[in-house]
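Following: one structure in structure tokens, then a few remarks.
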Amino acid sequence: MITRLGRWVLSRLRRFLPEWLLTAPSLLWLLLFFVIPSLLVFTVAFRPPDPYGRIGEGWTLDTLARLMQPSYPAILWRTLRVSMVTTLVCLVMAVPAGYWLARQPASRRHWTLLLVILPFWTNFLIRIFAWRTVLHPEGFLQTSLVKLGILSSNASLLYNEGAVLVVLIYTYLPFAIMPVYAAAERFDFQLLDAAQDLGATRFQAFVRVFLPSIQIGLLTATLMVFIPALGSYAIPDLVGGPSSEMVGNKIAQRVFTDRNLPHASGLSALLALAVILPMVIAMVVRSRHPDKVPVEREKGGPREGGAQG
Amino acid sequence: MESILEIKTVNKAFGAQRVVRDVSLSVKRGEVFSLLGPSGCGKTTLLRMIAGFERPDSGSILLDGTDVAQLPPNRRQVNTVFQNYALFPHLSVADNIAFGLRAEGKPKIEIQEEVHRMLDLIRMHEHAHKKPSQISGGQKQRVAIARALIKKPKILLLDEPLAALDLKLRQHMLLELDRIHDEVGITFIYVTHDQDEAMSLSDHIAIMNEGVIEQLGTPAEVYELPKSRFVAEFIGDTNLFPGKVASVEGSDYCHLEVPGLGKILAYQDRPVAPGENVTLSLRPEKFNLSREKPTVPSIQNLLPGVVDTIIYMGSETRYVVRCGEFKLNVLRQHNRCLLEEKPITWEDSVWLTWHADDGNILQSTNGTPATTPNADSAP
């Protein structure tokens, strides 16, 4: 019995040891710099604040209670709304861009892809400050719009939710285009011919064949835009105003102004849940996606069971 | 039989390259019509114009009497089986087959019935719920056919449908295609570069080369009476004898003077005049090969030769026989047990005979009309 168990353990070990050795470094990294810090953030939310800005002794549920304060649901809802609109606009723009990129001849495709990632060569903050210049009340855009009579002179392009949205979309669009392009590039465009041949219009072919075929790319693009947008802090801070604060700004405020780390932790935990939840949903969708194997199993199942019984 | 498809002087160019040049043909209702040619001959472009993926630069394509040349693919009653099947990877076999009817917005029950009927036809009920990635190449092929046939097209276009399959499966699918054609009775237009596929399936074959149809006829016609050097060489093996008409014998025969071989008697497939330059094509299996000199009637040709190469292939043996300045391909079917006789071996002296009727004087050489005697006797 023992030798059998020993042999079983050995065989398991032999089978999975290489796999473990390969994954160990990344697993360790994730554990040290993601799992443990996340747990720390979650625990700090249950500690009392200290008047000097440190974490106090003992445990308390005060912070959680304070998270219920009336201004938060509005900010949380705004954060979600702004992130969702950003994601949606990015997707709507990325799909035709990805489609077009994938249909380009290889030589031109490399240049156009380079153009997509070109903005990353300039520092993120510098690009936001550039937007501040563009949208500034005395900037080129506003003065010309006022001159053309499209905008009244006391309207502002800067320091509102619109500005936050524009800069968010600008910043995250490449992150949407890349996965959509990667999926579209693997797409067999002959399938669109086939769909049209079977009587579908161009639009029908696009919706019923192209979009479902790149759904993994769409899902990745959604996560790549939605999650960072949700946690954005610098953009609403620099181009937004008091009416367009997001959760990220509140966290920063709790840390730097109020020096209340437990409260900031509580907000962070809330945001983290808002990020992890859609990821879990996406993973469930993904694991269901590959093929409808279960249908076949159901069919074959009883017959196999019968034979065994 | 009336024709279902009429193509009239269709032209198509990509840039400066004229891919299809003044092609005209007509396809009869219910037949299997093959477009055969080497890659780049324009056959696929012609098919894509019939399907609607390309528009001809000029000419008309009449489908059942109406010109469809300028209609998009979704408005033609023509469906295609693509070379790599082009099945929708995200849809199951049944959903792939149903796609065409769903796009039309047919009622659910009707779609279900039709899909059921199609699964019957291709005998794939047990795979209906599988994704294309879970079935084999031959099964994908059948799904692609069912998906196209469910639309009840006037013509089914098949673009090199068997090219991606291995030999055994290809032979099996040929029979399968033949069965499906017999069952549904729809006109098939079959594009291929494989002469065996074309020969075994088709009622008519159009042989294309460099954008033009070199010859159009039944499989037997294009094999036995190739019009041009290209057709003679593309379909099967052949021996070509370029020569000059020495004398005309009555209304049916003529003597050819073939430099490096001698005088040979040939049937006049077209009227020839003494002094005219012609090329005679003779298929390898038309020869009779013997060790002893046979006594032959005057209507047969007799030539001595020496065996150069022997390739034994089981059902037949290919010989290369040196004959004058020519190396001739000779094919001998083993309709008798080979082991009983003393085999012909390398460097044996042999006699070749063939009936004058079995040679075929080509209409033209390389697609251009045969040169007239006047033009050629100039030097």
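Tally time: how many residues in the stretch B:69-113 are in contact with a strand residue (DSSP E or B) (Cβ under 7 Å, 6 or more places away or on another chain) and within 7 Å of another protein chain (Cβ to nearest Cβ)?
3
Return the residues of the stretch B:49-68 that are open to solvent by 20 Å² or more (accessible area, probe 1.4 Å) and either aliphatic (A, V, I, L, M) or more than 7 Å from chain A (Cβ to nearest Cβ) (or both); say none if nothing qualifies.
If the condition is that a residue be open to solvent by 20 Å² or more (accessible area, probe 1.4 Å) and either aliphatic (A, V, I, L, M) or more than 7 Å from chain A (Cβ to nearest Cβ) (or both), then B:Glu54, B:Arg55, B:Asp57, B:Ser58, B:Gly59, B:Ser60, B:Leu62, B:Asp64, B:Gly65, B:Thr66, B:Asp67 are the ones that fit.
Could you check, for the stretch A:240-252, whether at least one of its residues is within 12 Å of chain B (Cβ to nearest Cβ) and surrounded by fewer than 19 Cβ atoms within 10 Å (Cβ to Cβ)?
No: the stretch A:240-252 contains no residue that is within 12 Å of chain B (Cβ to nearest Cβ) and surrounded by fewer than 19 Cβ atoms within 10 Å (Cβ to Cβ).
Specify the residue that is modelled with the highest pLDDT; the eligible residues are those in the stretch B:356-376 that are among the polar types (S, T, N, Q) and assigned to a loop (DSSP other than H, G, I, E, B).
Checking each candidate, the answer is B:Gln363.
In the stretch A:113-130, how many residues are closer than 18 Å to A:Pro179 by Cα, open to solvent by 50 Å² or more (accessible area, probe 1.4 Å), touching a residue at least 24 places away in the same chain (Cβ under 8 Å) and not aromatic (Phe, Trp, Tyr)?
The qualifying residues number 1.
Please list, ordered by first then second residue, the pairs with beta carbon atoms under 8 Å, 6 or more apart or interchain, first in the stretch A:269-290 and among the hydrophobic types (A, V, I, L, M, F, W, C), second open to solvent by less than 70 Å² (accessible area, probe 1.4 Å) and not in a helix (DSSP H, G or I).
A:Ala269/A:Ala45; A:Leu270/A:Leu67; A:Leu271/A:Gly231; A:Val275/A:Gly231
Can you tell me which residues in the stretch B:336-355 are surrounded by 15 or more Cβ atoms within 10 Å (Cβ to Cβ) and part of a strand (DSSP E or B)?
B:Val350, B:Trp351, B:Leu352, B:Thr353, B:Trp354, B:His355
Can you tell me how many residues in the stretch A:40-55 are more than 15 Å from A:Val255 (Cβ to Cβ) and in a loop (DSSP other than H, G, I, E, B)?
Residues in the stretch A:40-55 being more than 15 Å from A:Val255 (Cβ to Cβ) and in a loop (DSSP other than H, G, I, E, B): 3 in total.
Working only within the stretch A:207-245, note down all residues that are under 10 Å from the mean Cα position of the chain (by Cα) and not hydrophobic (A, V, I, L, M, F, W, C).
A:Thr220, A:Thr222, A:Pro228, A:Gly231
Taking the options A:Ala229, A:Ala234, name whichever one is of a type in the set (A, V, I, L, M), surrounded by fewer than 17 Cβ atoms within 10 Å (Cβ to Cβ) and over 30 Å from B:Tyr85 (Cα atoms).
On inspection, the qualifying residue turns out to be A:Ala234.
Given the criteria more than 14 Å from chain A (Cβ to nearest Cβ), under 22 Å from B:Glu160 (Cα atoms) and under 26 Å from the mean Cα position of the chain (by Cα), does B:Val32 qualify?
Yes: the conditions hold for B:Val32.
Testing A:Asp188 on (1) within 8 Å of another protein chain (Cβ to nearest Cβ); (2) assigned to a helix (DSSP H, G or I); (3) not hydrophobic (A, V, I, L, M, F, W, C), one condition comes back false. Which one is that?
Just one mismatch for A:Asp188, condition (2).
Based on what the data block shows, is B:Leu201 open to solvent by 20 Å² or more (accessible area, probe 1.4 Å), within 27 Å of B:Arg48 (Cβ to Cβ) and modelled with pLDDT of 90 or more?
For B:Leu201, the condition - open to solvent by 20 Å² or more (accessible area, probe 1.4 Å), within 27 Å of B:Arg48 (Cβ to Cβ) and modelled with pLDDT of 90 or more - is not met.
I'm checking my understanding of the structure. Among residues of the stretch A:193-225 that are within 21 Å of B:Leu101 (Cα to Cα) and more than 9 Å from every other protein chain (Cβ to nearest Cβ), which one is most open to solvent (accessible area, probe 1.4 Å)?
By that ranking, first place goes to A:Phe203.
Please work out which residue is farthest from the other protein chains (Cβ to nearest Cβ), limiting yourself to the stretch B:114-150 and to residues that are buried (at least 20 other Cβ atoms within 10 Å of the Cβ) and among the small types (Gly, Ala, Ser).
B:Ala146
Going through the stretch A:86-112 one residue at a time, which ones are surrounded by 16 or more Cβ atoms within 10 Å (Cβ to Cβ) and in contact (Cβ under 8 Å) with a residue 60 or more places away in the chain?
Selection gives A:Thr86, A:Thr87, A:Val89, A:Cys90, A:Leu91, A:Ala94, A:Val95, A:Ala97, A:Gly98, A:Tyr99, A:Leu101, A:Ala102.
Within the stretch A:134-185, take every residue that is among the charged types (D, E, K, R) and outside any loop (DSSP other than H, G, I, E, B) and give me the one that is most open to solvent (accessible area, probe 1.4 Å).
A:Lys147
The values are calculated or read from the model by the stated rules, or taken from the named source; none is laboratory data. Remember, it's a predicted structure, so these values are computed and weren't measured experimentally. Note that we place each Cβ from the backbone using ideal geometry, even for glycine, and neighbour counts take in every protein chain shown. Please note that ligands, DNA and RNA were not included when accessible areas were found on the heavy atoms of the full protein model with its side chains. Shrake-Rupley method; radii C 1.70, N 1.55, O 1.52, S 1.80 Å.
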